[in-house]
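Worksheet for the structure shown next.
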Amino acid sequence: MTETAEKALPDGWELVVGLEVHVELATVTKLFCGCANEFTSDPNTNVCPVCVGLPGSLPVINAAAVEFAMRLGRALGCEVRPSVMARKNYFYPDMAKDYQTTQYDQPTSIDGELMLGDGAVVGIERAHIEEDAGKTTHIGGGGRINDAEYSLVDYNRAGVPLVEVVSRPDIRTIDHAKAYVSELRDILLATEVSDAKMEEGSMRVDANVSVRPVGSDELRTRCEIKNINSIRSLGRAIEYEALRHIDLYGSGEAPRQETRHWDEAGGRSTPGRSKEDADDYRYFQEPDLVPLRPSADVVAAIDATLPVLPAARRARFAARCTVSAATIATVVERGQDNLALAAIEAGADADKVLTRIENDLAIDDWSLVSVEGLAALISMETAGELTATQTKQVLAQLASQGGDPKAIATELGFEAMESDELDVLVDQLVADNPAEWDRFTSGDDGDRKKMQGFFTGRIMAATRGQADGRAVAEILGRKARG
Amino acid sequence: MSERITRDDVVHVARLARLQLSEAEIDRFTEQLGDVLDHAEDVESLDVGDIPPTAHPLPLVNVTRPDELVESLDRFELLAQAPFAEDGHFRVPPVLGEQP
Ligand SMILES: [Zn+2]
């Protein structure tokens, strides 16, 4: 599932991770004003009095953002409930208003869960609506915050609608942390709530990491790791942080509760703001915005339009096949699961359908491949009428031109090669190449392998690739044993 | 008096709000904020058991706007509101530390 094997924690330690994911909603406009939700434009071009909190400006919440937030909440199995916006007060130039409008004690969605591919469940504590902040650039001092001569601020991103999804600290392995993020991304894409591009910042993951002795249920001091911009970084950052904590405990010290920044190039995290003096944001209810109170009908309407989510789509295959979970996940991720399912229902072998799609239909447009065509092709392969190589060639043509696999096979000259025909061919080759045959039957392992390649190559050449490689190997083996 | 709000509370809140207060102001605001809290306490003594809690004085919920573009401010006009601007950006004094 992962490209590199996950390093296990030293014996006796267990990982405790909770993830906070900020998701940018795919609305046309910002959360509280009609400025474009678009911050790659020239700086400060999508900004109005609401964005920078000029006196007298009044926010009005974007109906689409509220709908997206509720849709995501329901997709995560949350209770969608009455909510109010709140002001989180802080002084930093990325928010000209000196507060961020967010939700505090009454968020839109609470108490959901997310099921991972292997059946593990991670609780969702809450998913709340909030606005994004502007972007600061530090000038002078090599761009480092503390040495900067001054800072420049672009408010195009200020007021962009976000949902922050907060998991419970239920994650116990790095693989699960990665799987959680990729599952959440799949849900965001399926519900069309966000384009969920981690590298571009439309999905931002912060990890709360702590460790504890195995068997304990305590929650020890955690550190919040920010600046993680890929799923791979997430794994590295969690591993680094967990080992750092274990080292500290091992030398009789303890981690401090703090925010740390992941440095991908350096492969380490560096301390940021300390959380020792407890955050005091003096939250209060936003007086300029009235409460949101979705009716049962509104929530029911959202439920009715939710797509079948990736977990459910994967589950449709589970009882029908024995291929790996990764194969199923790939087919679902590419949106080829309906085609696969229909072909299986039309009688084609489930495992073959899924592996052929995974390996030989990794293309953007497969619309010419009909359910009947795919099912017929896989059935021909299963019946031994086509070799693996031939099946791939027919599938490639089906995808590029459409049509009937039987007709394509005939057109390509793929007549089924009877195995007694192969037998005759092998006998002929053995007679023509006695020295090679001798090395095949009585040589060492290296010779044997080389000669197997030699004979197989000759047979493939003679049959223009139509022979079934496995059948050839079987015949060679049988003849060698005498 | 002193139990409703202390001088230390006022100093703390002033620090959070980035307000610099003189000793005399701290005394005066301790007194005034105390009066405000006294008033809240008076209200608290009313029996409101039958009244549901409200988040807002207006009898309104679900006030939203359609997701439609409205023209933004002209950047020249926007940046003219700021003491300093540079290169299409607001220019601010060096930021100490990171975003809270
Ligand atoms: Zn605006």
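Values as computed for the structure displayed
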read-out: Residue within the range A:108-126 that is within 13 Å of another protein chain (Cβ to nearest Cβ), touching a residue at least 12 places away in the same chain (Cβ under 8 Å) and either within 16 Å of the ligand (Cβ to nearest atom) or buried (at least 18 other Cβ atoms within 10 Å of the Cβ) (or both) present; value: yes
read-out: Any chance A:VAL430 is touching a residue at least 40 places away in the same chain (Cβ under 8 Å), out of contact with any Leu (no Cβ under 6 Å at 6 or more places or on another chain) and among the aliphatic types (A, V, I, L, M); value: yes
read-out: Number of the condition not met by B:ASP38 [criteria: (1) surrounded by 10 or more Cβ atoms within 10 Å (Cβ to Cβ); (2) facing another protein chain (nearest Cβ under 7 Å); (3) closer than 30 Å to A:ASP105 by Cβ]; value: (2)
read-out: Considering residues of the range A:1-22 that are aliphatic (A, V, I, L, M) and assigned to a loop (DSSP other than H, G, I, E, B) only, the residue modelled with the lowest pLDDT; value: A:MET1
read-out: Residue identified as under 41 Å from the mean Cα position of the chain (by Cα) and on the phi < 0 side of the Ramachandran plot among A:ALA409, A:ALA435, A:ALA462, A:ALA431; value: A:ALA409
read-out: Search result, residues across the range A:81-92 that are at pLDDT 90 or above and open to solvent by 20 Å² or more (accessible area, probe 1.4 Å); value: A:ARG81, A:PRO82, A:ARG87, A:LYS88, A:ASN89
read-out: Condition met for A:THR391 (more than 27 Å from the chain's Cα centre (by Cα) and in a helix (DSSP H, G or I)); value: yes
read-out: Every residue from the range B:65-83 that is surrounded by fewer than 16 Cβ atoms within 10 Å (Cβ to Cβ) and either within 7 Å of chain A (Cβ to nearest Cβ) or in a loop (DSSP other than H, G, I, E, B) (or both); value: B:PRO66, B:GLU68, B:LEU69, B:VAL70, B:GLU71, B:ASP74, B:ALA80, B:GLN81, B:PRO83
read-out: Count - residues of the range A:23-66 that are within 13 Å of the ligand (Cβ to nearest atom), assigned to a loop (DSSP other than H, G, I, E, B) and of a type outside the set (Ser, Thr, Tyr); value: 23
read-out: When residues of the range A:24-56 are limited to those that are charged (D, E, K, R) and more than 7 Å from chain B (Cβ to nearest Cβ), the one most open to solvent (accessible area, probe 1.4 Å); value: A:GLU38
read-out: Close pairs from the range A:436-457: first farther than 17 Å from A:GLY482 by Cα, partner open to solvent by less than 50 Å² (accessible area, probe 1.4 Å), Cβ under 6 Å, at least 6 apart; value: A:THR456/A:VAL472
read-out: Among the residues listed as B:ILE26, B:ILE5, the single one being hydrophobic (A, V, I, L, M, F, W, C), touching a residue at least 24 places away in the same chain (Cβ under 8 Å), surrounded by 12 or more Cβ atoms within 10 Å (Cβ to Cβ) and away from chain A (no Cβ under 14 Å); value: B:ILE5
read-out: Members of the range A:127-141 that are within 13 Å of chain B (Cβ to nearest Cβ) and free of Cβ contacts under 8 Å to residues at least 60 places away in the same chain; value: A:ALA133, A:GLY134, A:THR136, A:THR137, A:HIS138, A:ILE139, A:GLY140, A:GLY141
read-out: Cross-chain or 6+ apart pairs with Cβ under 6 Å, the range A:32-55 first and on the phi > 0 side of the Ramachandran plot, then of a type in the set (A, V, I, L, M) and open to solvent by 20 Å² or more (accessible area, probe 1.4 Å); value: A:GLY53/A:ALA96
read-out: Test: A:LEU162 is within 16 Å of the ligand (Cβ to nearest atom), more than 14 Å from every other protein chain (Cβ to nearest Cβ) and either assigned to a loop (DSSP other than H, G, I, E, B) or not charged (D, E, K, R) (or both); value: yes
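Residues checked against (1) within 13 Å of chain B (Cβ to nearest Cβ); (2) hydroxyl-bearing (Ser, Thr, Tyr):
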residue: A:ASP263; (1), (2): no, no
residue: A:GLY267; (1), (2): no, no
residue: A:THR270; (1), (2): yes, yes
residue: A:GLU286; (1), (2): yes, no
residue: A:VAL290; (1), (2): yes, no
residue: A:PRO294; (1), (2): yes, no
residue: A:ASP297; (1), (2): yes, no
residue: A:ALA304; (1), (2): no, no
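The values are calculated or read from the model by the stated rules, or taken from the named source; none is laboratory data. The model shown is predicted, which means the values in this text are computed figures rather than measured ones. Cβ atoms come from the backbone with ideal geometry, glycine included; neighbour counts cover every protein chain shown. Ligands, DNA and RNA are stripped out before the accessible areas are found, and what is left, the full protein with its side chains, is counted by its heavy atoms. Shrake-Rupley method; radii C 1.70, N 1.55, O 1.52, S 1.80 Å.
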